[in-house]
Amino acid sequence: MAADEASTELKMDLEGLYLEEVFTDRRVGSILRLTPVDGDGRPDPNRDTIYVGQTQVLTPAGPLPLSFEIEAKSLADAAQAFGDAARKAVEDTMEKLQELRREAASSLIVPGSSAGFGGPEGLTGSGFPPPPGGGKIQLR
């Protein structure tokens, strides 16, 4: 926590409290049912119940946890919509990962060029020369 954040009082929003319940089939994932409640823990009929799906996708780098909101009016509706919502979350996540890869690829620097090394002297921002060796691509 930053120093300015430490001086800020952390306070729960009494108007935004939810009772959280977890439902799982112990196979595909979990559904969180977030039921709005007031400051005394009684149901708040003025706000909608929220359903959130959770699952994991196996990737070459290991399991990737996914969490996604499910548009539903009941737990049964949320269970029926789980698969489509999970697929959409996977697609969105893959698009974000591809975008991050493109951004990383666009910031590649070829050693020996002065680009990104502080000008024609070939120095890095820290004042050190670029590492020796040719043909190795480095990320900034």
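Each reported figure results from applying straightforward, stated rules to the coordinates on display, with no laboratory input. None of the values given here were measured: they were computed from a predicted structure. Note that each Cβ is placed from the backbone with ideal geometry, even for glycine, and that neighbours are counted across all protein chains shown.
Other residues lying with their Cβ under 14 Å from the Cβ of Lys96 contribute a combined charge of -2, Lys and Arg counting +1, Asp and Glu -1.
Based on the Cβ-Cβ distance of Phe23 and Leu97, what FRET efficiency does E = 1/(1 + (r/R0)^6) give at R0 = 35 Å, to the nearest 0.05? Given R0 = 35 Å and the Cβ-Cβ separation, E is 0.75. A cut-off of 5 Å between modelled amide H atoms, ignoring neighbours fewer than 5 places along the same chain, links Val37 with Leu17, Tyr18, Leu19, Asp44.
Here's the list of aspartates and glutamates a cross-link from Lys88 could span, going by alpha-carbon distance under 16 Å and ignoring same-chain residues fewer than 8 apart: Glu69, Glu71.
Taking the fewest neighbouring Cβ atoms within 10 Å as the starting point, the ordered list for Val57, Val22, Val37 is Val22, Val57, Val37.
Modelled spin labels at Arg87 and Ser67, positioned 7 Å past Cα toward Cβ, are 2.5 nm from each other. With 0.36 nm allotted per residue and the present C-alpha distance subtracted, the Thr35-Leu14 stretch has 6.2 nm of extension available.
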